[in-house]
1. Taking the stretch A:334-351, which residues are closer than 25 Å to A:Arg309 by Cα and either touching a strand residue (DSSP E or B) at 6+ places or on another chain (Cβ under 7 Å) or surrounded by 14 or more Cβ atoms within 10 Å (Cβ to Cβ) (or both)?
2. For the stretch A:354-387, which residues satisfy the criterion of being more than 14 Å from RNA strand B (Cβ to nearest atom) and within 26 Å of the chain's Cα centre (by Cα)?
3. Going through the stretch A:143-163 one residue at a time, which ones are open to solvent by less than 40 Å² (accessible area, probe 1.4 Å) and assigned to a helix (DSSP H, G or I)?
4. Could you say whether any residue in the stretch A:352-373 is at pLDDT 90 or above, in a loop (DSSP other than H, G, I, E, B) and open to solvent by 40 Å² or more (accessible area, probe 1.4 Å)?
5. Please tell me if A:Ser272 is farther than 30 Å from A:Trp450 by Cβ, out of contact with any strand residue (DSSP E or B) (no Cβ under 7 Å at 6 or more places or on another chain), open to solvent by 40 Å² or more (accessible area, probe 1.4 Å) and among the hydroxyl-bearing types (Ser, Thr, Tyr).
6. Residues A:Pro492, A:Pro461: which one is outside the structural domain of A:Met316 (by TED's automatic domain parsing) and over 11 Å from A:Arg153 (Cα atoms)?
7. Might you check whether a residue that is out of contact with any His (no Cβ under 7 Å at 6 or more places or on another chain), open to solvent by 30 Å² or more (accessible area, probe 1.4 Å) and within 14 Å of RNA strand B (Cβ to nearest atom) occurs anywhere in the stretch A:309-319?
8. Based on this model, can you work out whether A:Ala253 counts as under 26 Å from A:Phe465 (Cβ atoms) and open to solvent by 60 Å² or more (accessible area, probe 1.4 Å)?
Amino acid sequence: MLCRAQKTSRRRQDRHQRTRRYFQHRLGNQIPRMFRLTATTVKDAMQSSAPRSDIVVQGWVRTRRDSKTFSFLELNDGSSLRSLQVIAKDSLPNYGEVQKITTGASIAVHGDLVASPGKGQRWELVADRIDIVGRAEDSYPLQKKGHTPEFLREIAHLRPRSNLFGCVFRVRSRLAFAIHTFFQERGFVYVHTPIITASDCEGAGELFRVTAIDPASPPRRADGSIDYTKDFFARCTYLTVSGQLEAEAFACALSKVYTFGPTFRAENSNTSRHASEFWMIEPEMAFCDLQGNMDLAEELVKYLIRDVRENCAEDMELFAKFVDRELLARLDFVLDRQFQRVTYTEAVELLEKSGQKFEFPIGSGLNLQSEHERWLTEKHFKSPVTIFNYPKQIKPFYMRLNDDGKTVTAMDLLVPGIGEIVGGSQREERLEVLEQNMRRHKMNPAEYKWYLDLRRYGSVPHSGFGLGFERMLMFVTGVSNIRDVIPFARTPGSAEF
RNA sequence: UCCAGCGUAGCUCAGUGGUAGAGCGGUCGGCUGUUAACCGAUUGGUCGUAGGUUCGAAUCCUACCGCUGGAGCCA
């Protein structure tokens, strides 16, 4: 009998052989002998506790420096911010070719990991074989020197090879993982709400239409208007602006659910905080009031900050050094401090008493402007603030009406530098009140029959919120433009990549 | 969509009506256990696009496009 470790080891070997046979079959003998999916990552090599002989590392060359009898190559494979220094001696059979390697080229290196005699790194890889996998033409736009984010945005396909964007997208991955961990640990069920929907669920935001109709010859009604009953879904359909309504249906069955997926808004918004395609996290909890909702939102924000602080330390150091010098202090401050919580009315009073001159008026029934939110988070509280119980006329139909008849159980979580990062509410669970709200918002209750059914059959108090994934990522990285935390950003007039 | 600013070499920028510039990068050579290496030479331009004013426009005017900051909408 094999023990478990032996079985795992054998399975791994089998898999490697299969992979290797596959590539040899596909590429014949052109592939380097050392080309293995099991290559050592730069990250593992750098973290090594002892010298290691006979390893393979593969990646992209950041820079090459020649010395008298050898070359230094800096090799990066994206496994971490850091690059591995490779020593290529002139005794290598293809040293002439190695000296032609330029920034951006891809190589595979076989050799021994040894303690580095130079300053600046603990380990270096002394190569006994270097395979040049793919050369880089001398027009390769990335230099060793820093580039502006604006320039890198124009080469979105190459920018993940830069230090800054490598860090951003490693943290993005970790943050997404942390979101799932947070909810899964707390017994939430992950629900995939539809991307294509028929309902303009919040009445908020312009929608992208989804259609299979030929724009050159659309089916028409007698009056000449386009007949969408002849369209693919036999009705008007759109890309989702929120999974909330569907999440409510699942919360009223599985109790605690969350969605995490793409969201689309066709707003002509040209700001550093808006994108046409972004990701949103929307938890929805049955038997949960506004207090529980706010508690969860604050707990989530803190959890996510703590997670990337602990698990992306090296990347976070880069942000602190090159993006925002106060980043780490601000994040730690947020972790240490109780989030502030005030009602809309209290917030308005604070603003009125502030003595501060604002461009826009403050007053009951008026929306808080960016400058007001900024004053509250950045000047007054100097910490995240949750504002709740807003006037009903400035909030959507589904929010629960308070007993005062004037305010609804809305809550916005504001953070310094970004503004609104979470928006949520307790939902109106009373059928009659919800129908009244809909009529007040000039909506036809008949078109929302399935949503109203949730109030007809076993209605329960329930709450939820939306957390903007990219805004959270901006907050934890200090990156100030949303286009720089999305791999291939979609904004008005821009979808090149 | 609104307000303001910007658009000059691959990148970062100087050049305010009279011959198109620098640093970095690239290329070539030298030096060197180097670290955003160093030294020398060299390469590099439809001055965002289209009109207009002028003897003459990178420079002044108009429109459009793009980017940046702010506003609205929101996550």
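The values are calculated or read from the model by the stated rules, or taken from the named source; none is laboratory data. Given the structure is predicted, the values throughout are model-derived calculations rather than measurements. Backbone-built Cβ (ideal geometry, glycine too); neighbour counts: all protein chains shown. Side chains included, ligands, DNA and RNA excluded: accessible areas come from the protein's heavy atoms. Shrake-Rupley method; radii C 1.70, N 1.55, O 1.52, S 1.80 Å.
1. Restricting attention to the stretch A:334-351, the residues satisfying the condition of being closer than 25 Å to A:Arg309 by Cα are A:334-341.
Selection gives A:Val334, A:Phe339, A:Gln340, A:Arg341.
2. A:Lys382, A:Ser383
3. Residues of the stretch A:143-163 open to solvent by less than 40 Å² (accessible area, probe 1.4 Å): A:152, A:155-156, A:158-159, A:162.
Answer for the stretch A:143-163, where residues must be open to solvent by less than 40 Å² (accessible area, probe 1.4 Å) and assigned to a helix (DSSP H, G or I): A:Leu152, A:Arg159.
4. Yes: one or more hits.
5. On the way: farther than 30 Å from A:Trp450 by Cβ: yes; out of contact with any strand residue (DSSP E or B) (no Cβ under 7 Å at 6 or more places or on another chain): yes; open to solvent by 40 Å² or more (accessible area, probe 1.4 Å): yes; among the hydroxyl-bearing types (Ser, Thr, Tyr): yes.
Answer is yes for this residue.
6. On the way: A:Pro461 fails: outside the structural domain of A:Met316 (by TED's automatic domain parsing).
Just one listed residue meets the conditions, A:Pro492.
7. Keep residues of the stretch A:309-319 that are out of contact with any His (no Cβ under 7 Å at 6 or more places or on another chain), which gives A:309-319.
In the following step, the residues that additionally are open to solvent by 30 Å² or more (accessible area, probe 1.4 Å) were identified as A:309-311, A:313-314, A:317.
Next, from what is left, pick out any that are within 14 Å of RNA strand B (Cβ to nearest atom): none.
Within the stretch A:309-319, none of the residues are out of contact with any His (no Cβ under 7 Å at 6 or more places or on another chain), open to solvent by 30 Å² or more (accessible area, probe 1.4 Å) and within 14 Å of RNA strand B (Cβ to nearest atom).
8. Numbers: under 26 Å from A:Phe465 (Cβ atoms): yes; open to solvent by 60 Å² or more (accessible area, probe 1.4 Å): yes.
Judged against the criteria, A:Ala253 is a match.
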